[in-house]
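A.B. asks: Below is a structure I'd like to ask you about.
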Amino acid sequence: MSKLYRFPGGVKLPGHKAISTSQPIRKAPIPDRLFVPLRQHIGSAAECIVEKGQRVLKGQMIGRVSDYVAAPVHAPSSGTVIDIQKFPAAHASSLPSDVIIIEPDGKDEWMQSEPIADITELDKSELRNMIRFAGIVGLGGAAFPTFIKLNPAGHQISKLILNGAECEPYISCDDMLMRERPHEVIDGAKIMRHALNAEQVIIAIEDNKPEAIAALNTLADEYDWLDVQGIPVIYPTGGERQLIKVLTGKDVPSQGLPLDLGMVVSNVATAAAIHHAIDHQQPLISRIVTVTGSGVRSPQNFEALIGTPMSDLIELAGGYTDDADRLVVGGPMMGITLKTDATPVVKASNCLLVQTPADHAGEAIIRPCIRCGECVKVCPVKLLPQQLYWYSQAKYHDDLQSHNLFDCIECGCCTVVCPSHIPLVQYFRFGKSEIWKKQQETLKADRARERSEAKTLRLERIKAEKKAQHAARAKKTAAGAGRKKEIEAAVARTKAKKAGDTGSAENATDNA
Amino acid sequence: MEFSQQQHYSPQTPAQASVSRVMLNVILALIPGIAVYIHYFGWGVLVNIVLASLFALLAEGLILAIRRRPVVTTLMDGSALLTGILLALALPSYTAWWVTAVGIIFAIIIAKQLYGGLGLNPFNPAMTGYVVLLISFPLEMTRWNPPLELAEQSMNLLEAFRYSFTGSLPQRMDIDMISLATPLDLVRGRLDMGFNLSQIRSEYSIFSNLSGKGTELINIAFLAGGLWLLYRRLIDWRIPAALLSSMLLISAVFWLINPEFYLSPVFHLFAGATMLGAFFIATDPVTASTTPVGRLIFGAGCGLLIYIIRSWGGYPDGVAFAVLLMNLSAPLIDHFSQPRITGYRERKS
């Protein structure tokens, strides 16, 4: 046990974890249809490389990437691509994104691949590329492409922290993974440690998961570089910055990254996924999903293929109770509400939480802020939420920024303790997006101004050119006018001559 | 299954606290102090509380109706009721109903609702109402009845109501029996006349071990209620702690310089409205400072001002003025006491 520290604020929440941990992880069967979105995470969407009607093998890449912050997607099972169409995404906006629809053939036939004999022989950038092409992203919820994190970029890495805190209520997928498959986490940790050249690996787990701690501890003794560390149960201790504070007492600089302190934080499930990708050449095509809440009959954890419709998992968990009224992806603190359960499971879907009216009682009665300061006490970033609330209501964007709105991690502590039930975090999200919009608009306006100035210049230039042309032409015409006169004169002369000839002829006739 | 198309936002958890519950608990915490107060100073205290609460609810309901705001839901937040009770506790025990009414109307309508209602008023409504009364009706507001041990006669509940509405005393009593000075009043008056504290204390029987008879126990009861609020984490410890320690400190300094001219720290802590002010009035979150450091400054400022007003000001007690002056400074204090945000080296100001 090393010395632990406290991060400011935070709240103690009822865990509700036991309801979903009484049954072992259950493998969800292959669904009738798999819906694999091309965009499942931060960064650019993958580009579809299969066609309608094409047969794909399990693990075959079906969406490739060219941008840096992006991850490819793979076929979760063998079958036929039957369509590529827009589908509502598991995102707050529920905006549709491109989805590859696969009809599995039931054979679950893997793609052939070459096993790697010894990862320590591998070049580190090659190792990162393998992790990249296996489509591995952070499985804790943010789904940031992992290979980027595994690049020490010249920093000496003292600590790789594997986050098994799982501080959000209800969620238990990491707990179950660590309990049942601790070796996967540790094998993944070996690979990540190698990629980063990290001196030490710490697996941090909240003290409310003694089984997980024990399971990992029995394996951890073999490795002198590995520590399994129990940490106090307080939300949001699983936040990257909060976890670093708890374990090391250090603050990650506001605009900086853990890398600046020589640390990397990654989720335990991500480590297990890396183990599958490198040791078994299996790309990220499945994950453990907690299906829980008072609105579902038999809460438990499933190992589900990416692309499985959420409704299938709910069905496997005994279906909805009669009073189920809300479907949340993620936990109650930071999760997002979905409008339909036809949405597929994606790499970031750690938990499907089905709520009943009692689970969100009281949110309808919103009273004025009484400035009680409870939100200030619980803010893990030490912001002044009530002050930010006034500013976001008044749309004082400058004050919002000078009060560090952008340091808000949207953990929801302030909202949970607010006696007036003000949806503070929502105000902050809105404030942030307003400011982003404004910045975009300023950028656009700047560009428009530049364009307009360029246009004016261009028009002036064209005008000047035209003028010059006109002038030149006019000169030419003037010159032409002289020549015309000459011609006319010549014509006149000829005519006169002709006239003279006929005249003399007439005269001659007259004379005759 | 399709769910509600309405967008809901995280966090989505059952409500842990509510404004109504906070206000109700504060009112509950006042009960021991109120009980001791009634015991020592008679039924008039209860009459004041009943009338002030009633007027407060009426005034708030009326103006909410005029402002076309939901009346019943808003009244349920309990803030008007609390304002009524706090103002009543500042009044002399036997106060005419119309004095109470004027105070409440000013507190609720002008100091609170005209600024936008709960959460938007810059000044503590109860204290604003009280100060308006103190300035407008100095005679009525400084006529105190003696505590239980010294009272020759006292009124029953019915007589107290009758006095409040008609101004007529029972036959056995006359107006002088309820026109006494408080201990703090006496000390100021006699010190100004050139007496020293030992002389004043031996001259009047109203003084007791800690401060004044009755007053000290009322203060202890409010202290107990306040400690319960702290235990329940319904108020922040910083304001009462800073207020009481700054008062203790400054009164100790002057008392050590001249114990015959300056009252002891103990006397100050348990006299007048110290404990009521420290735990129930200065802690009004709407009008106090909100940052952690700001709350320490706010509390300390209140304590210092109470002492200054008591010792050198024009009024015997200074809780109301002190709190209002610090209310005035709260936005400034907040501005300069922003906490150091995680991930930044410098404290922002």
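The values are calculated or read from the model by the stated rules, or taken from the named source; none is laboratory data. Everything quoted here is computed from the prediction, not taken from an experiment. Neighbour counts are summed over all protein chains in view; Cβ atoms, including those assigned to glycine, are modelled from backbone coordinates with ideal geometry.
A.B. asks: May I ask you to verify whether A:A198 is out of contact with any His (no Cβ under 8 Å at 6 or more places or on another chain), in contact (Cβ under 8 Å) with a residue 40 or more places away in the chain, part of a helix (DSSP H, G or I) and of a type in the set (A, V, I, L, M, F, W, C)?
C.D. replies: It is false that A:A198 is out of contact with any His (no Cβ under 8 Å at 6 or more places or on another chain), in contact (Cβ under 8 Å) with a residue 40 or more places away in the chain, part of a helix (DSSP H, G or I) and of a type in the set (A, V, I, L, M, F, W, C).
A.B. asks: Taking the stated definitions as given, is A:I278 in contact with a strand residue (DSSP E or B) (Cβ under 9 Å, 6 or more places away or on another chain) and buried (at least 22 other Cβ atoms within 10 Å of the Cβ)?
C.D. replies: Considered against the rule, which asks whether it is in contact with a strand residue (DSSP E or B) (Cβ under 9 Å, 6 or more places away or on another chain) and buried (at least 22 other Cβ atoms within 10 Å of the Cβ), A:I278 comes out as no.
A.B. asks: Something else now. Picking from B:V47, B:V19, which residue would you name as being on the phi < 0 side of the Ramachandran plot, under 18 Å from the mean Cα position of the chain (by Cα) and either modelled with pLDDT of 95 or more or of a type outside the set (F, W, Y) (or both)?
C.D. replies: Within the list B:V47, B:V19, the selection yields B:V47.
A.B. asks: Sticking with this one: Mind telling me which of the residues B:P259, B:P339 ends up being outside any helix (DSSP H, G or I), within 14 Å of chain A (Cβ to nearest Cβ) and more than 24 Å from B:M23 (Cα to Cα)?
C.D. replies: Residue meeting the stated conditions: B:P339.
A quick yes/no check of all residues on (1) assigned to a loop (DSSP other than H, G, I, E, B); (2) modelled with pLDDT under 85; (3) in the same structural domain as A:E206 (by TED's automatic domain parsing):
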position: A:Q40; (1), (2), (3): yes, yes, no
position: A:K52; (1), (2), (3): yes, no, no
position: A:I62; (1), (2), (3): no, no, no
position: A:V69; (1), (2), (3): yes, no, no
position: A:V81; (1), (2), (3): no, no, no
position: A:H91; (1), (2), (3): yes, yes, no
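A.B. asks: Shifting gears a bit: Among the residues of segment A:311-328, write down those that are touching a Gly at 6+ places or on another chain (Cβ under 8 Å) and more than 10 Å from chain B (Cβ to nearest Cβ).
C.D. replies: A:T321, A:D323
A.B. asks: Same structure, new question: Does A:V378 qualify as being touching a strand residue (DSSP E or B) at 6+ places or on another chain (Cβ under 6 Å) and over 18 Å from A:Y170 (Cβ atoms)?
C.D. replies: Yes.
A.B. asks: Could you list, in sequence order, the residues of segment A:329-353 that are in a strand (DSSP E or B) and either closer than 17 Å to A:E166 by Cβ or more than 12 Å from chain B (Cβ to nearest Cβ) (or both)?
C.D. replies: Across segment A:329-353, the qualifying residues are A:V329, A:P344, A:C351, A:L352, A:L353.
A.B. asks: Considering segment A:345-371 alone, what residues qualify as being touching a helix residue (DSSP H, G or I) at 6+ places or on another chain (Cβ under 7 Å) and more than 16 Å from A:E168 (Cα to Cα)?
C.D. replies: Scanning segment A:345-371 gives A:V345, A:R367, A:C369, A:I370, A:R371.
A.B. asks: Here are B:V47, B:V19: which of them is within 14 Å of another protein chain (Cβ to nearest Cβ) and either buried (at least 22 other Cβ atoms within 10 Å of the Cβ) or among the polar types (S, T, N, Q) (or both)?
C.D. replies: When all the criteria are applied, what remains is B:V19.
A.B. asks: Out of segment B:315-336, which residues are crowded, with 20+ Cβ neighbours inside 10 Å and not in a helix (DSSP H, G or I)?
C.D. replies: B:D317, B:G318
A.B. asks: Can you name every residue in segment A:354-373 that is more than 29 Å from the chain's Cα centre (by Cα) and at the interface with chain B (Cβ under 7 Å from one of its Cβ atoms)?
C.D. replies: A:A358, A:A361, A:G362, A:R367, A:P368, A:C369, A:I370, A:R371, A:C372, A:G373
A.B. asks: Residues B:L256, B:L269, B:L276, B:L325: which one is touching a Leu at 6+ places or on another chain (Cβ under 7 Å) and without any contact (Cβ under 8 Å) to a residue 40 or more places away in the chain?
C.D. replies: Answer to the selection: B:L325.
Quick grid of which residues meet (1) more than 20 Å from the chain's Cα centre (by Cα); (2) buried (at least 17 other Cβ atoms within 10 Å of the Cβ); (3) within 17 Å of A:M334 (Cα to Cα):
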{"site": "A:Q393", "(1), (2), (3)": "yes, no, no"}
{"site": "A:H403", "(1), (2), (3)": "yes, yes, no"}
{"site": "A:T415", "(1), (2), (3)": "yes, yes, yes"}
{"site": "A:P423", "(1), (2), (3)": "yes, yes, yes"}
{"site": "A:Y427", "(1), (2), (3)": "yes, yes, yes"}
{"site": "A:K432", "(1), (2), (3)": "no, yes, yes"}
{"site": "A:I435", "(1), (2), (3)": "no, yes, no"}
{"site": "A:Q440", "(1), (2), (3)": "no, no, no"}
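A.B. asks: Output the residue which, of all residues in segment B:279-293 that are part of a loop (DSSP other than H, G, I, E, B) and among the aliphatic types (A, V, I, L, M), is farthest from B:I306 (Cα to Cα).
C.D. replies: The selected residue is B:V286.
A.B. asks: Can you tell me how many residues within segment A:156-196 are out of contact with any Leu (no Cβ under 7 Å at 6 or more places or on another chain), on the phi > 0 side of the Ramachandran plot and among the hydroxyl-bearing types (S, T, Y)?
C.D. replies: 0
A.B. asks: Looking for whichever is modelled with pLDDT of 90 or more, in a helix (DSSP H, G or I), within 14 Å of chain A (Cβ to nearest Cβ) and buried (at least 20 other Cβ atoms within 10 Å of the Cβ) here; the options are B:L276, B:L269, B:L296. Which one fits?
C.D. replies: That would be B:L296, the only listed residue that is modelled with pLDDT of 90 or more, in a helix (DSSP H, G or I), within 14 Å of chain A (Cβ to nearest Cβ) and buried (at least 20 other Cβ atoms within 10 Å of the Cβ).
A.B. asks: Out of the residues in segment A:388-424 that are at the interface with chain B (Cβ under 7 Å from one of its Cβ atoms), assigned to a helix (DSSP H, G or I) and in contact with a helix residue (DSSP H, G or I) (Cβ under 9 Å, 6 or more places away or on another chain), state the one that is nearest to A:E168 (Cα to Cα).
C.D. replies: Among residues in segment A:388-424 that are at the interface with chain B (Cβ under 7 Å from one of its Cβ atoms), assigned to a helix (DSSP H, G or I) and in contact with a helix residue (DSSP H, G or I) (Cβ under 9 Å, 6 or more places away or on another chain), the one nearest to A:E168 (Cα to Cα) is A:V416.
A.B. asks: Can you report the number of residues in segment A:28-54 which are surrounded by 15 or more Cβ atoms within 10 Å (Cβ to Cβ), small (G, A, S) and in contact with a strand residue (DSSP E or B) (Cβ under 9 Å, 6 or more places away or on another chain)?
C.D. replies: Counting residues in segment A:28-54 that are surrounded by 15 or more Cβ atoms within 10 Å (Cβ to Cβ), small (G, A, S) and in contact with a strand residue (DSSP E or B) (Cβ under 9 Å, 6 or more places away or on another chain) gives 4.
A.B. asks: Continuing with the same structure: Hey, can you tell me all the residues within segment B:315-338 that are over 13 Å from B:A282 (Cβ atoms) and within 19 Å of the chain's Cα centre (by Cα)?
C.D. replies: Within segment B:315-338, B:Y315, B:P316, B:D317, B:L328 meet the criteria.
A.B. asks: Would you confirm whether any residue within segment B:95-112 is within 14 Å of another protein chain (Cβ to nearest Cβ), in contact with a helix residue (DSSP H, G or I) (Cβ under 7 Å, 6 or more places away or on another chain), on the phi < 0 side of the Ramachandran plot and small (G, A, S)?
C.D. replies: No: segment B:95-112 contains no residue that is within 14 Å of another protein chain (Cβ to nearest Cβ), in contact with a helix residue (DSSP H, G or I) (Cβ under 7 Å, 6 or more places away or on another chain), on the phi < 0 side of the Ramachandran plot and small (G, A, S).
A.B. asks: For segment A:255-285, how many residues meet the condition of being of a type in the set (G, A, S) and touching an Asp or Glu at 6+ places or on another chain (Cβ under 6 Å)?
C.D. replies: The total comes to 2.
A.B. asks: Identify all residues within segment A:292-301 that are touching a helix residue (DSSP H, G or I) at 6+ places or on another chain (Cβ under 8 Å) and closer than 14 Å to A:P24 by Cβ; write none if there are none.
C.D. replies: A:P299, A:Q300, A:N301
A.B. asks: Going by the conditions given, is A:H194 at pLDDT below 95 and outside the structural domain of A:V417 (by TED's automatic domain parsing)?
C.D. replies: Against the criterion (at pLDDT below 95 and outside the structural domain of A:V417 (by TED's automatic domain parsing)), A:H194 qualifies.
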